[in-house]
Amino acid sequence: MQDENLPIWLPRLAGNKGPRFLQIADALQAAVVDGSLKPGDRLPPQRQLAAQLDVDLTTITRAYDEARRRNLLEGRGARGTYVAAPKVELTSILDLSMNTPPPPDGVDFDDMLKQGLSQVLMRADNELLMTYHLGGGSDSDRNAGAKWLEPMFGHLDSRQVVVCPGAQAAIAALILALTEPGDVILAEPTSYPGLRAAATQFGRHLIAVEADKHGMVPEMLEQACRQHKPGLVYLNPTLQNPTAITIPERRRKELASIAKRCNVRIVEDDPYWLLADAPPPPIATFAPEQVYYISTLSKCLTPGLRVAFVLVRNAHERERFLVALRSFALMVAPLTAALATQWILDGSADGLMEGVRNEARLRHRMARDILAGRYSGFGDGLHVWLELPAYWNSSQLARAAASYGIAVTPAEAFETGSGSVNAIRISLGSIKDRGRLQAGLQRLSHLLARRPESLSAAVV
């Protein structure tokens with residue numbers, strides 16, 4: 001570690017080589033690379049460096065922020081700012097198992113986050129951001145929710161929108177509000193694992209209804225409704241998780257008609273509608289009193305934005321839903337809700353969404369090229385459902401992939417019935433760097449081309 005009495009590090013600036021804060025950050029990075037600055041060296045205080053370089057304090061602050069973003073610096077409170085130790089990669093796992101939005105190219109997310117929070121803190125009452133709120137969201141939050149849902153439904157009465165801390169909380173609250181212990185919930189044979197987790201926890205019975213290449217089969221739904229008298233039907237109709245099937249409009253109308261005829265309610269969990277290319281209208285447009293519509297920001301903007309909007313038309317059932325929600329999740333964190341509202345109302349959410357959509361489509365093209373002959377995706381959304389050759393089964397393939405440093409999700413994780421589908425889900429957004437994603441897909445493609453018996457017993 002450097003002696004505090006040694007001369008401080010001082011970069012050289014040139015007037016014609018770009019913004020000064022970037023010049024300072026670049027010079028700092030070069031000094032770390034060539035060893036002039038070593039891990040543990042203390043950097044000059046920002047005001048001192050600003051005076052030495054004859055620049056304003058904001059320039060130095062931006063330079064240090066950029067250097068932190070590059071993992072070059074670490075703050076130690078009152079002790080100052082120090083050169084960070086290089087990050088150690090603790091695992092080489094390439095994670096293709098977690099369905100998260102990919103980081104969009106050309107969108108400065110760090111700056112967007114800082115600007116959004118700055119606007120929130122400038123315009124909001126800070127005390128209100130740090131206290132309890134009744135569930136369901138503020139008027140501003142519900143107005144933002146109504147605006148978020150406009151592409152699906154057009155103009156909405158914001159009083160019909162409930163703000164929730166994520167889609168999983170919304171699903172759990174709907175199960176509690178609309179069903180009783182022992183009730184049946186109908187779903188497709190492969191479905192969102194969070195549904196199974198909530199149904200099991202609450203003592204509800206999950207029964208699979210046959211599906212085909214267009215989603216749940218209407219005749220089989222009607223038969224199941226008459227046989228089991230379900231409390232709910234769960235559907236994820238757009239770019240379904242995990243199969244990536246989008247139910248076409250005609251079938252959506254048929255399913256809505258059955259729901260009305262059998263007087264059964266549908267939970268329409270639709271996180272990917274805004275990522276899809278020309279998706280059909282939601283089922284809720286064809287049976288507005290029968291369907292509870294969920295749209296979450298976590299699956300199409302960023303996972304940390306734990307905000308979901310639930311459209312519940314009936315005032316009495318909306319209150320029942322809120323009572324159930326409050327029993328385990330009093331409210332969305334006010335700061336998180338305020339940031340979501342700020343981004344939706346100022347247009348930032350639309351820009352981020354467009355970036356995520358473009359990045360996802362680019363990654364699908366990559367997957368189609370690498371998994372040629374096996375790729376069966378639709379070119380949009382966050383994941384691919386890959387049916388396996390007969391010589392692999394999905395759990396066996398997942399274990400073998402893990403030994404090759406790749407995480408994928410086998411079909412068993414999504415099963416709601418006794419039937420087994422020989423497939424894996426490949427998520428395209430969880431690896432930030434495209435080069436690492438490409439490496440993971442190539443490694444997986446090579447593994448798929450081999451038979452299990454050609455690998456060591458320890459691998460499979």
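The values are calculated or read from the model by the stated rules, or taken from the named source; none is laboratory data. What you see is a predicted model; the values in this text were computed from it and never measured. Here the Cβ is made from the backbone with ideal geometry for all residues, glycine too, and neighbour counts use every protein chain on show. Accessible surface is based on the protein model in full, side chains and every heavy atom, while ligands, DNA and RNA are left aside. Shrake-Rupley method; radii C 1.70, N 1.55, O 1.52, S 1.80 Å.
Step by step: first the residues of region 409-432, then only those that are hydroxyl-bearing (Ser, Thr, Tyr) and part of a loop (DSSP other than H, G, I, E, B), then the one that is surrounded by the most Cβ atoms within 10 Å (Cβ to Cβ). Which residue is that?
THR416
Which condition from (1) touching a helix residue (DSSP H, G or I) at 6+ places or on another chain (Cβ under 7 Å); (2) under 24 Å from ALA124 (Cα atoms); (3) in a helix (DSSP H, G or I) is the one that THR336 breaks?
The failed condition is (1).
Test each condition in (1) more than 21 Å from the chain's Cα centre (by Cα); (2) open to solvent by less than 80 Å² (accessible area, probe 1.4 Å); (3) in contact (Cβ under 8 Å) with a residue 24 or more places away in the chain for SER118 and report the one that comes out false.
Exception for SER118: condition (3).
If you go through region 246-259 one residue at a time, do you hit one that is in contact (Cβ under 8 Å) with a residue 24 or more places away in the chain, closer than 20 Å to PHE414 by Cα and not in a loop (DSSP other than H, G, I, E, B)?
No.
In a strand (DSSP E or B), open to solvent by less than 40 Å² (accessible area, probe 1.4 Å) and in the same structural domain as PRO280 (by the TED database): does that describe LEU186?
yes
How many residues are over 21 Å from the mean Cα position of the chain (by Cα), open to solvent by 20 Å² or more (accessible area, probe 1.4 Å) and over 21 Å from PRO103 (Cα atoms) when one looks only at region 323-368?
5
Quick check on this structure: which one of GLY379, GLY435 is surrounded by 14 or more Cβ atoms within 10 Å (Cβ to Cβ) and either among the basic types (Lys, Arg) or at pLDDT below 95 (or both)? Before you say what the answer is, go through the steps one by one.
Details: GLY435 fails: surrounded by 14 or more Cβ atoms within 10 Å (Cβ to Cβ).
Being surrounded by 14 or more Cβ atoms within 10 Å (Cβ to Cβ) and either among the basic types (Lys, Arg) or at pLDDT below 95 (or both) holds for just one of GLY379, GLY435, which is GLY379.
Can you name every residue in region 43-54 that is farther than 14 Å from TYR82 by Cβ and surrounded by fewer than 17 Cβ atoms within 10 Å (Cβ to Cβ)?
Those that are farther than 14 Å from TYR82 by Cβ and surrounded by fewer than 17 Cβ atoms within 10 Å (Cβ to Cβ): ARG47, GLN48, ALA51, GLN52, ASP54.
Between a residue in region 265-289 that is farther than 20 Å from GLY351 by Cβ and any residue that is among the acidic types (Asp, Glu) and open to solvent by 30 Å² or more (accessible area, probe 1.4 Å), which pairs come within a Cβ distance under 8 Å, given they are 6 or more apart or on different chains?
Listed by first residue and then by second, the contacts come to PRO280/GLU249; PRO281/GLU249.
If I go through region 367-398 residue by residue, how many of them are part of a strand (DSSP E or B) and either farther than 23 Å from ASN236 by Cα or of a type in the set (Val, Ile, Thr) (or both)?
1
Suppose we filter MET220, MET216 for residues that are open to solvent by 40 Å² or more (accessible area, probe 1.4 Å), within 23 Å of SER420 (Cβ to Cβ) and of a type in the set (A, V, I, L, M, F, W, C); which single one remains? Step through it out loud before you land on a result.
Details: MET216 fails: open to solvent by 40 Å² or more (accessible area, probe 1.4 Å).
Checking each option against the conditions leaves just MET220.
Please determine whether any residue of region 295-317 is open to solvent by less than 10 Å² (accessible area, probe 1.4 Å) and assigned to a helix (DSSP H, G or I).
No, every residue in region 295-317 fails to be open to solvent by less than 10 Å² (accessible area, probe 1.4 Å) and assigned to a helix (DSSP H, G or I).
Checking the structure you have, find out if any residue of region 100-110 is exposed (fewer than 15 other Cβ atoms within 10 Å of the Cβ) and farther than 25 Å from ALA276 by Cα.
yes
Within region 261-275, how many residues turn out to be among the aromatic types (Phe, Trp, Tyr) and part of a helix (DSSP H, G or I)?
1
Regarding region 387-399, can at least one residue be identified that is free of Cβ contacts under 8 Å to residues at least 12 places away in the same chain and among the small types (Gly, Ala, Ser)?
No, the conditions are met nowhere in region 387-399.
Can you tell me how many residues in region 399-408 are closer than 13 Å to GLY440 by Cα, open to solvent by 20 Å² or more (accessible area, probe 1.4 Å) and assigned to a helix (DSSP H, G or I)? Working first, answer last.
Within region 399-408, the subset closer than 13 Å to GLY440 by Cα is 401-408.
Now restrict to residues that are open to solvent by 20 Å² or more (accessible area, probe 1.4 Å): 402-404, 407.
Checking which are assigned to a helix (DSSP H, G or I) leaves us with 402-403.
Looking only at that region, the number is 2.
Residues are listed down the side, and each one gets a yes or a no for (1) open to solvent by 40 Å² or more (accessible area, probe 1.4 Å); (2) over 21 Å from the mean Cα position of the chain (by Cα):
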| residue | (1), (2) |
| --- | --- |
| ARG226 | yes, yes |
| LEU274 | no, no |
| ASP277 | yes, no |
| ALA287 | no, yes |
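Would you pick out the residues in region 128-165 that are open to solvent by 60 Å² or more (accessible area, probe 1.4 Å), closer than 20 Å to ARG306 by Cβ and outside any loop (DSSP other than H, G, I, E, B)?
LEU128, SER140, ASN143, LYS147
For region 37-65, give me the residue count where each residue is of a type in the set (Gly, Ala, Ser), under 10 Å from PRO11 (Cβ atoms) and over 34 Å from the mean Cα position of the chain (by Cα).
0
Looking at (1) buried (at least 16 other Cβ atoms within 10 Å of the Cβ); (2) more than 26 Å from MET98 (Cα to Cα); (3) not β-branched (Val, Ile, Thr), can you tell me which one ALA198 breaks?
(2)
Taking LEU352 as meeting all but one of (1) in contact with a Leu (Cβ under 6 Å, 6 or more places away or on another chain); (2) within 30 Å of VAL209 (Cβ to Cβ), write down the number of the exception.
(2)
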